[in-house]
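Chemist: I have a structure I would like to understand better, so I am pasting it below and will then ask my questions one at a time.
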Number of protein chains: 2
Amino acid sequence: MKKESIGIALLGFGNVGSGTYRVLEENAALISKRVGADVCVRAILVRDLNKERSVHAPAELFTDDFEAILGNPDIHIVAELMGGVEPAVTYMERALASGRHVVSANKEALARFGGSLTERSQELGLMLRYEAAVCGAIPVMNAISTALGANEITRIQGILNGTTNYILTRMGEEGAPYAQVLKQAQDLGFAEADPTADVEGHDAANKLSLLIAAAFGDTISPDNIDCTGITGVTKDDLDAAAASGETIKLIATADKENGMLRASVRPVPLPSENPLARVRNEFNAVLISCNMADDIFLQGRGAGPLPTGSAVAGDLLEIAACIVRETAGRALPTRRLP
Amino acid sequence: MKKESIGIALLGFGNVGSGTYRVLEENAALISKRVGADVCVRAILVRDLNKERSVHAPAELFTDDFEAILGNPDIHIVAELMGGVEPAVTYMERALASGRHVVSANKEALARFGGSLTERSQELGLMLRYEAAVCGAIPVMNAISTALGANEITRIQGILNGTTNYILTRMGEEGAPYAQVLKQAQDLGFAEADPTADVEGHDAANKLSLLIAAAFGDTISPDNIDCTGITGVTKDDLDAAAASGETIKLIATADKENGMLRASVRPVPLPSENPLARVRNEFNAVLISCNMADDIFLQGRGAGPLPTGSAVAGDLLEIAACIVRETAGRALPTRRLP
């Protein structure tokens, strides 16, 4: 038996939900070819059915009824793209309990409940993936758990938040004060009206917690990560660093020595040899130190509808390809020909 | 039924073979935990059983008889790490025909026969992986076929050869002439006694051909890639580029517009905004331009026993984990807890 199409439900149609929809729609032909079946959005959960939306999808896809999604046998994968802890966590648990694979972009929910959700998915023989929750389009979760899988990872260093990297870059390059650059970032849509989660480092701490789980197998709550934001960084600090050939970046770091995990998010002056020193504006990057592969550096867009949608869709494709194989009675994946 | 251990045969015990052996031995405990079974080297094929070797492995593992490897039912995966086209291709074909999954680090053989070997592996429901053949430890093949899988890739640009990047970097930074730096690179072990394949760009063309197959689905022989090496690059060229804020790098490029593939390997002056401009010495890097994820940049060690062994072992782990799942009757992979 061949499965003709794999059905997706999107929970949420904000930046990430609508970006994922666009990736799946605009690249539908190549996705179908790569998966061996169509990957179709069959439902989109929203709170307000009457809201005006900038990305258009057929009206019949929208629903405000999560139970209707669980009741639809043609939905195989649920993509939780709502953000926030609840009801997101409950929806993910219920999707798994109903036999659906789950993809999520929700770093806040996963940093707190990713461990228990992963255990639950494994008990049920289902897949839970969340590449998009850490650094948007950068394939860092995937690299850690596949190509770098034979390594002991000794340290992770990252610029995991685009808003603060944009602010620090503009402050350093224009000599402008924090408040002025923050305002500029807000006007450009790079910073939220309430920027606390970004500028105090909490967003980076959430992502670091997910990287730590993947790289070291340790569960650490983002609340227990030593966290200093960028609100105290002054033009004088940036100038002093620049005078010594260094660049101040908000760096999330985790390392493990003799079984002891250390993790922090804080502004750090980086020497110019560190590739993170040269990551400008809203870009994200991660430097992964491995005991065999040495240092691997990954850089790209950590946010935005399409880059984040690309990561969500990448997870959806991998799961969809597994479902197609399973339905065809083939257990082993062969590397696809594009 | 649970498979207690997955058996590996290494074909070749030079730099890559011995590096892979060390990765599997030194990280054996974590690999066993991640795979859910031990991953054991059960045979090492060499030409000369009496050769003195700097990496030590139990004498009983070494054999000069490929038929003995095919006849050993405890070998599940064959890792072809010999280099050269023959007998490597024949050994890979015979390993597949005998029901073994295959991993290879052999860019030269794969650039010419990767397409037919992939087809054969798919017909047989077996896996053929070759992350190590392109840019050593950098997880580029994996990223293209998984996390970036929902993208149309529009362009690939890469520094795919460490020897030439080392030579160009030293020439630019020390103002030394080509011949002197080449000699220095040979003394340090970064360049071969006969450097032709590196300095004329053929090694980069082999890797570009593999990237093109993965990214665009096109088969192009490395012989048909427009290829200019670095032997004609002078100190004056480097100085002139530097005066305009540019850095000359040996760049492998492929893009596809209106269905038309263009591919080349040649020295290119890069503006400082291009992250490839700042990749120094023997490091490799790839810039992947995607229609949804935008630009993704990956940098790391492209050669060396342990970095290349890390990539070979990453492929072995993924295949081993699939065999363990299949044996346990579980078709679907769940993301491992490390």
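Chemist: Look at residue A:55 and say whether it is crowded, with 19+ Cβ neighbours inside 10 Å and among the aliphatic types (A, V, I, L, M).
Modeler: Details: crowded, with 19+ Cβ neighbours inside 10 Å: no; among the aliphatic types (A, V, I, L, M): yes.
No: the conditions fail for residue A:55.
Chemist: Evaluate the following for residue B:130: is it farther than 25 Å from residue B:256 by Cα and aromatic (Phe, Trp, Tyr)? Full working, then the answer.
Modeler: Working: farther than 25 Å from residue B:256 by Cα: no; aromatic (Phe, Trp, Tyr): yes.
Criteria not met by residue B:130.
Chemist: Here's a follow-up. So which pairs qualify, if the first residue must be in segment A:202-224 and free of Cβ contacts under 8 Å to residues at least 40 places away in the same chain, the second must be outside any helix (DSSP H, G or I) and not acidic (Asp, Glu), the Cβ gap must be under 6 Å, and the two must be at least 6 apart or on different chains?
Modeler: Close Cβ pairs (under 6 Å, with a partner that is outside any helix (DSSP H, G or I) and not acidic (Asp, Glu)) amount to A:217/B:338.
Chemist: For residue A:213, work out the one condition from (1) surrounded by 14 or more Cβ atoms within 10 Å (Cβ to Cβ); (2) away from every other protein chain (no Cβ under 14 Å) it doesn't fulfil.
Modeler: Tallying (1) surrounded by 14 or more Cβ atoms within 10 Å (Cβ to Cβ); (2) away from every other protein chain (no Cβ under 14 Å), residue A:213 fails exactly one: (2).
Chemist: While we're on this one: So, in segment B:233-243, of the ones that are out of contact with any Phe, Trp or Tyr (no Cβ under 9 Å at 6 or more places or on another chain) and farther than 13 Å from residue B:277 by Cα, which residue ends up surrounded by the most Cβ atoms within 10 Å (Cβ to Cβ)? Quick ask: steps written out before the conclusion?
Modeler: Let us first name the residues in segment B:233-243 that are out of contact with any Phe, Trp or Tyr (no Cβ under 9 Å at 6 or more places or on another chain), namely B:236-243.
This time we only want the ones that are farther than 13 Å from residue B:277 by Cα, so: B:236-237, B:239-240, B:243.
On the way: B:236: 8, B:237: 17, B:239: 11, B:240: 13, B:243: 8.
Across segment B:233-243, the extreme among qualifying residues is B:237.
Chemist: The conditions are (1) at the interface with chain B (Cβ under 10 Å from one of its Cβ atoms); (2) crowded, with 17+ Cβ neighbours inside 10 Å; (3) touching a Gly at 6+ places or on another chain (Cβ under 8 Å), and residue A:272 fails exactly one of them. Which is it?
Modeler: (2)
Chemist: Check whether at least one residue in segment A:95-108 is closer than 30 Å to residue A:238 by Cβ and either in contact with a helix residue (DSSP H, G or I) (Cβ under 9 Å, 6 or more places away or on another chain) or in a helix (DSSP H, G or I) (or both), and report yes or no.
Modeler: Within segment A:95-108, the subset closer than 30 Å to residue A:238 by Cβ is A:107-108.
With either in contact with a helix residue (DSSP H, G or I) (Cβ under 9 Å, 6 or more places away or on another chain) or in a helix (DSSP H, G or I) (or both) added as a condition, the list becomes A:107-108.
Among the residues of segment A:95-108, at least one is closer than 30 Å to residue A:238 by Cβ and either in contact with a helix residue (DSSP H, G or I) (Cβ under 9 Å, 6 or more places away or on another chain) or in a helix (DSSP H, G or I) (or both), which makes the answer yes.
Chemist: Under the condition of being modelled with pLDDT of 95 or more, more than 7 Å from chain B (Cβ to nearest Cβ) and part of a helix (DSSP H, G or I), which residue from segment A:123-147 is farthest from the chain's Cα centre (by Cα)?
Modeler: Ranking the qualifying residues of segment A:123-147, first place goes to A:144.
Chemist: I'm told residue A:179 meets every condition in (1) farther than 30 Å from residue B:135 by Cα; (2) among the aliphatic types (A, V, I, L, M); (3) touching a residue at least 24 places away in the same chain (Cβ under 8 Å) except one. Can you identify the failing condition by its number?
Modeler: (3)
Chemist: Quick check on segment B:150-173. Is at least one of its residues crowded, with 23+ Cβ neighbours inside 10 Å, facing chain A (nearest Cβ under 9 Å), within 30 Å of residue A:312 (Cβ to Cβ) and among the polar types (S, T, N, Q)?
Modeler: yes
For (1) modelled with pLDDT under 95; (2) within 24 Å of residue A:100 (Cα to Cα), each residue gets a yes or a no:
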{"residue": "A:249", "(1), (2)": "no, no"}
{"residue": "A:275", "(1), (2)": "no, no"}
{"residue": "A:314", "(1), (2)": "no, yes"}
{"residue": "A:338", "(1), (2)": "yes, no"}
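Chemist: Right, here's the next one. So in segment A:174-188, with the set limited to residues that are assigned to a loop (DSSP other than H, G, I, E, B) and not hydrophobic (A, V, I, L, M, F, W, C), which one is nearest to the other protein chains (Cβ to nearest Cβ)? Show your work before the answer.
Modeler: Our first condition is that a residue be assigned to a loop (DSSP other than H, G, I, E, B); within segment A:174-188, this holds for A:175-177.
This time we only want the ones that are not hydrophobic (A, V, I, L, M, F, W, C), so: A:175, A:177.
Working: A:175: 21, A:177: 26 Å.
If we take residues in segment A:174-188 being assigned to a loop (DSSP other than H, G, I, E, B) and not hydrophobic (A, V, I, L, M, F, W, C), then A:175 is nearest to the other protein chains (Cβ to nearest Cβ).
Chemist: With the requirement that a residue be of a type outside the set (A, V, I, L, M, F, W, C) and under 21 Å from residue A:317 (Cβ atoms), what does segment A:38-90 give you? Lay out the reasoning, then the answer.
Modeler: Filtering segment A:38-90 down to residues of a type outside the set (A, V, I, L, M, F, W, C) leaves A:38, A:42, A:47-48, A:50-54, A:56, A:58, A:60, A:63-65, A:67, A:71-74, A:76, A:80, A:83-84, A:86-87, A:90.
Listed by number, the residues that qualify are A:38, A:42, A:72, A:74, A:76, A:80.
Chemist: Here's something else I'd like to know. Please count how many residues of segment A:54-93 are in contact with a Lys or Arg (Cβ under 8 Å, 6 or more places away or on another chain) and either hydroxyl-bearing (Ser, Thr, Tyr) or without any contact (Cβ under 8 Å) to a residue 24 or more places away in the chain (or both).
Modeler: Qualifying residue count for the region: 2.
Chemist: Same structure, new question: Restricting to segment A:286-314, give me the number of residues that are buried (at least 22 other Cβ atoms within 10 Å of the Cβ) and facing another protein chain (nearest Cβ under 8 Å).
Modeler: Number of matching residues: 16.
Chemist: Another question about this same structure. Which members of segment B:90-106 meet the condition of being surrounded by 20 or more Cβ atoms within 10 Å (Cβ to Cβ), over 16 Å from residue B:141 (Cβ atoms) and polar (S, T, N, Q)?
Modeler: Answer for segment B:90-106, where residues must be surrounded by 20 or more Cβ atoms within 10 Å (Cβ to Cβ), over 16 Å from residue B:141 (Cβ atoms) and polar (S, T, N, Q): there is none.
Chemist: I'd like to know if segment A:52-68 contains one or more residues that are under 18 Å from the mean Cα position of the chain (by Cα) and not basic (Lys, Arg). Working first, answer last.
Modeler: Initial filter on segment A:52-68 (under 18 Å from the mean Cα position of the chain (by Cα)): none.
Checked segment A:52-68: no residue is under 18 Å from the mean Cα position of the chain (by Cα) and not basic (Lys, Arg).
Chemist: Same structure, new question: Report those strands (runs of 3 or more DSSP E) wholly inside segment A:230-338 carrying at least 2 residues which are in contact with a Pro (Cβ under 6 Å, 6 or more places away or on another chain) and over 30 Å from residue B:118 (Cα atoms).
Modeler: Because the criterion is at least 2 residues that are in contact with a Pro (Cβ under 6 Å, 6 or more places away or on another chain) and over 30 Å from residue B:118 (Cα atoms), the strands (runs of 3 or more DSSP E) in segment A:230-338 that meet it are A:246-257.
Chemist: I need the full set of residues from segment A:22-52 which are buried (at least 17 other Cβ atoms within 10 Å of the Cβ), in a helix (DSSP H, G or I) and touching an Asp or Glu at 6+ places or on another chain (Cβ under 7 Å), in order please.
Modeler: The one that is buried (at least 17 other Cβ atoms within 10 Å of the Cβ), in a helix (DSSP H, G or I) and touching an Asp or Glu at 6+ places or on another chain (Cβ under 7 Å): A:30.
Chemist: Name the single residue, out of those in segment B:244-261 being more than 22 Å from the chain's Cα centre (by Cα) and at negative phi, that is surrounded by the fewest Cβ atoms within 10 Å (Cβ to Cβ). Let's see the steps before the verdict.
Modeler: First, pick out the residues of segment B:244-261 that are more than 22 Å from the chain's Cα centre (by Cα): B:244-248, B:256-261.
Restricting the remaining residues to those that are at negative phi gives B:244, B:246-248, B:256-257, B:260-261.
Numbers: B:244: 9, B:246: 17, B:247: 21, B:248: 20, B:256: 19, B:257: 9, B:260: 7, B:261: 14.
Checked segment B:244-261; the qualifying residue surrounded by the fewest Cβ atoms within 10 Å (Cβ to Cβ) is B:260.
The values are calculated or read from the model by the stated rules, or taken from the named source; none is laboratory data. Source: prediction; values computed, not measured. FYI the Cβ positions are ideal-geometry reconstructions off the backbone, even for glycines, and counts take in every protein chain you see.
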